[in-house]
1. With the structure loaded, tell me whether Ser126 is exposed (fewer than 15 other Cβ atoms within 10 Å of the Cβ) and either in a helix (DSSP H, G or I) or within 13 Å of the ligand (Cβ to nearest atom) (or both) or whether it fails that test.
2. Return yes or no: is Pro80 at pLDDT 95 or above and open to solvent by 70 Å² or more (accessible area, probe 1.4 Å)?
3. Give just the number: which of (1) open to solvent by less than 10 Å² (accessible area, probe 1.4 Å); (2) part of a loop (DSSP other than H, G, I, E, B); (3) within 9 Å of the ligand (Cβ to nearest atom) does Met117 not satisfy?
4. Go through segment 174-188 and report how many residues are more than 15 Å from the ligand (Cβ to nearest atom) and either assigned to a loop (DSSP other than H, G, I, E, B) or surrounded by fewer than 12 Cβ atoms within 10 Å (Cβ to Cβ) (or both).
5. Just to check your reading of the model, which residue among Gly110, Gly49 is near the ligand (Cβ under 9 Å from one of its atoms), in contact with a helix residue (DSSP H, G or I) (Cβ under 8 Å, 6 or more places away or on another chain) and at pLDDT 95 or above?
6. Please specify each residue of segment 174-206 satisfying the condition of being of a type in the set (Ser, Thr, Tyr) and under 16 Å from the mean Cα position of the chain (by Cα).
7. How many of the residues in segment 52-66 are more than 11 Å from Asp94 (Cβ to Cβ) and within 14 Å of the ligand (Cβ to nearest atom)?
8. Tell me, please, whether a residue that is over 21 Å from Gln31 (Cβ atoms), within 16 Å of the ligand (Cβ to nearest atom), in a loop (DSSP other than H, G, I, E, B) and open to solvent by 10 Å² or more (accessible area, probe 1.4 Å) can be found in segment 132-140.
Amino acid sequence: METRQATEADHADTAPIHAELKRRYAAVAQQPAGQFPYPTGRASALHLGYRQDKLDLLPPDVVEHFVGVGNPFLLGEPQPGWTVLDIGCGAGFDSQVAARYVGPGGHVIGVDLSPEMLAVARQGASAAGLTNVEFRQGEAEQLPVEAGWADLVISNGVLNLAACKGSAFREVSRVLKPGGRFQAVDLILVGELPPELANSEFAWSN
Ligand SMILES: C[S@@+](CC[C@H](N)C(=O)[O-])C[C@H]1O[C@@H](n2cnc3c(N)ncnc32)[C@H](O)[C@@H]1O
């Protein structure tokens, strides 16, 4: 993957989109059900092939707040001792699943721009008694994680929302160890958007 430093220009127009995403996900944190045009919560996770033995260990509130679009662990299961970064972790569903794969010798960092989603994530990790997972507020375009830290970067339903996708992919490359893995699942645009949608900050997050 080619890399270069993100420039100020890359970040210049992300603020209005990030503000709209924060507004949107404050509402999702309060009430996740019925907010998306696709299934969410436990039924969705089972349908997407998450292992029931892992799901059964998760606090119900974290499972209820699962609003992902796929299952990054179908691309490979994290190994004990690994360091895993979950970009756009939301309420921490995939972070908690990863924490159980990597065990006490591993570590998981979940990053999200929404303080409200992170509050649900922190409460969930505490309810589960997990000590190998932490949550940091930050942006996919400028990750609050040191270079070369992660064995595995996962992301579920987030990069389609990134206001600057070039910066987001460069950041993935920066934080991965040499030979590390990137397992993302997402929605993909297959046609042209009409200008009224393409230029709407509201549409970006809905
Ligand atoms: C569709 S939700 C998916 C949440 C979680 N991955 C899951 O599977 O339940 C998208 C999440 O990405 C976060 N997000 C969106 N854009 C982001 C960005 N640029 N940087 C960090 N987080 C972002 C939102 O706050 C939200 O929690």
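The values are calculated or read from the model by the stated rules, or taken from the named source; none is laboratory data. Note that the structure is predicted; figures quoted are calculated from it, not measured. When we count neighbours, we look across all protein chains shown, and the Cβ atoms used for this are built from the backbone with ideal geometry, even at glycine. To get the accessible areas, we keep the full protein, side chains included, count just its heavy atoms, and leave off ligands, DNA and RNA. Shrake-Rupley method; radii C 1.70, N 1.55, O 1.52, S 1.80 Å.
1. yes
2. So Pro80 passes the test.
3. Checking Met117 against (1) open to solvent by less than 10 Å² (accessible area, probe 1.4 Å); (2) part of a loop (DSSP other than H, G, I, E, B); (3) within 9 Å of the ligand (Cβ to nearest atom), the one that fails is (2).
4. 2
5. Every option except Gly110 fails the conditions.
6. Here is the first cut: in segment 174-206, the ones of a type in the set (Ser, Thr, Tyr) are 200, 205.
The answer is Ser205, and nothing else.
7. Total satisfying the criteria: 6.
8. yes
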